Amino acid sequence: MTVTRAQMANRGEALHSPEFSRIIAGFWRVKHWGMSDQTLLAFIERVLELGISSMDHAMVYGSEEPFGKALALKPALRSEMEIITKCGIRPQGFGELGAQAVNHYDSSKEHIIASLENSLRMLQTDYVDLLLIHRPDFLMRAEEVAEAFEQLKAQGKVRAFGVSNFTLQQFELLQAACGGSLITNQVEFSPLNMQSLDEGLLDQCQRHGVGPMLWSCLAGGALFKVETEQARRVVAALNTVKEEVNADCLEQVVYAWTLALPCNAFPLLGTSKIERVEQAVKSEKIKLNREQWYRIWEASKGFPVP
Ligand SMILES: NC(=O)c1ccc[n+]([C@@H]2O[C@H](COP(=O)([O-])OP(=O)(O)OC[C@H]3O[C@@H](n4cnc5c(N)ncnc54)[C@H](OP(=O)(O)O)[C@@H]3O)[C@@H](O)[C@H]2O)c1
């Protein structure tokens with residue numbers, strides 16, 4: 001009898017091979033961090049010590065090369081981490097994979113494989129743990145993507161697959177073509193942007209037994225600039241809850257708020273400051289009650305639930 005991922009989730013069985021840390025370190029901004037290879041290595045080692053073993057990249061971030069150089073200083077670390085990367089965005093201009101006249105998306109088998117091979121070279125590793133299609137491609141042929149995934153898995157170059165920023169329908173389409181093997185949809189989610197919740201993407205993840213990965217949980221830093229009325233309301237609510245749950249900082253409340261979602265979400269961090277990573281991991285111990293969770297929801301919307 002075939003057991004679906006949702007049935008496994010109900011039974012509480014392990015869904016994912018490989019396993020990912022509940023909080024994930026994101027390296028999108030690494031090119032702006034100005035760290036030497038040695039300093040980046042020290043950052044990665046401390047992140048691992050703190051229990052964050054999953055590291056998020058994408059071909060278009062330009063993060064793979066510096067990360068690979070840091071990792072090359074201590075290759076034994078590779079087996080202690082899970083590396084996530086993404087493919088499918090082809091920016092205008094001359095990139096690693098040739099000249100492009102216009103920004104576009106490419107989920108052809110040829111591009112997926114070429115992009116992954118390039119990522120492996122940049123990361124100085126011979127496999128990644130998770131490969132995501134970065135953005136939905138309007139010209140995507142689901143069977144062709146599934147074929148590329150099968151080939152990369154059979155070659156041992158990728159351990160698991162998923163998508164990012166996919167709509168409900170696009171996820172259903174590719175999940176069916178891949179025989180239910182996609183393990184995540186990486187989507188934006190923060191108290192300033194709850195679109196993935198409103199659109200049912202997080203419910204869909206729960207139904208498929210798939211843990212969504214959440215990007216820009218701190219709204220890319222906008223929570224600390226407080227430039228809009230919405231941000232003012234949200235920050236006030238977060239500060240009230242922070243006092244109630246004895247959190248050390250506002251970020252801990254945000255991450256606890258994402259961890260309270262019933263879909264088993266995996267929040268991504270984006271910070272370059274190790275002390276902020278140290279604060280973030282403590283949020284796993286903070287539990288919000290329903291009333292606190294909805295107070296943040298209400299502050300975001302500007303009105304109470306009907
Ligand atoms: N799949 C996708 O399409 C997609 C899109 C975007 C991002 N992502 C992934 O998600 C990860 C996280 O995204 P993100 O970087 O936007 O995350 P974020 O956590 O929302 O924003 C990080 C930014 O907030 C700043 N920040 C954090 N704590 C702060 C504080 N207490 N005070 C002031 N500023 C603070 C950080 O600066 P400091 O460095 O100074 O702390 C950094 O510039 C990325 O690295 C990437 O891996 C995926």
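The values are calculated or read from the model by the stated rules, or taken from the named source; none is laboratory data. Keep in mind that what you see is a predicted model, and the values were worked out from it rather than measured. In this analysis, Cβ positions are derived from the backbone assuming ideal geometry, glycine residues included, and neighbour counts consider all displayed protein chains. In case anyone asks, the SASA skips ligands and DNA or RNA and just uses the protein heavy atoms, side chains included. Shrake-Rupley method; radii C 1.70, N 1.55, O 1.52, S 1.80 Å.
Give the number of residues within segment 260-286 that are of a type in the set (S, T, N, Q), more than 17 Å from Q186 (Cα to Cα) and more than 9 Å from the ligand (Cβ to nearest atom). Total satisfying the criteria: 1. Summed over segment 22-81, the residues that are closer than 18 Å to L269 by Cα, more than 20 Å from the chain's Cα centre (by Cα), open to solvent by less than 30 Å² (accessible area, probe 1.4 Å) and small (G, A, S) give a count of 0.
Here is a yes/no grid of residues against (1) open to solvent by less than 10 Å² (accessible area, probe 1.4 Å); (2) more than 15 Å from T167 (Cβ to Cβ):
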site: N185; (1), (2): yes, no
site: E199; (1), (2): no, no
site: D203; (1), (2): no, no
site: H208; (1), (2): no, no
site: A219; (1), (2): no, yes
site: L223; (1), (2): yes, yes
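Tell me yes or no: at least one residue of segment 225-242 is closer than 25 Å to T184 by Cβ and buried (at least 17 other Cβ atoms within 10 Å of the Cβ). Looking through segment 225-242, none of the residues is closer than 25 Å to T184 by Cβ and buried (at least 17 other Cβ atoms within 10 Å of the Cβ). Residues satisfying the criterion are absent from segment 252-259 (criterion: open to solvent by 50 Å² or more (accessible area, probe 1.4 Å) and away from the ligand (no atom under 11 Å from the Cβ)). Apart from one condition, N103 fits all of (1) open to solvent by 40 Å² or more (accessible area, probe 1.4 Å); (2) over 23 Å from H32 (Cα atoms); (3) within 16 Å of the ligand (Cβ to nearest atom); the exception is (2). Can you confirm whether segment 78-87 contains a residue that is under 20 Å from S54 (Cα atoms), of a type outside the set (K, R), in a helix (DSSP H, G or I) and touching a Cys at 6+ places or on another chain (Cβ under 7 Å)? No, the conditions are met nowhere in segment 78-87. Scanning segment 49-92 for residues that are in contact (Cβ under 8 Å) with a residue 60 or more places away in the chain and hydroxyl-bearing (S, T, Y) gives a single hit, S54.
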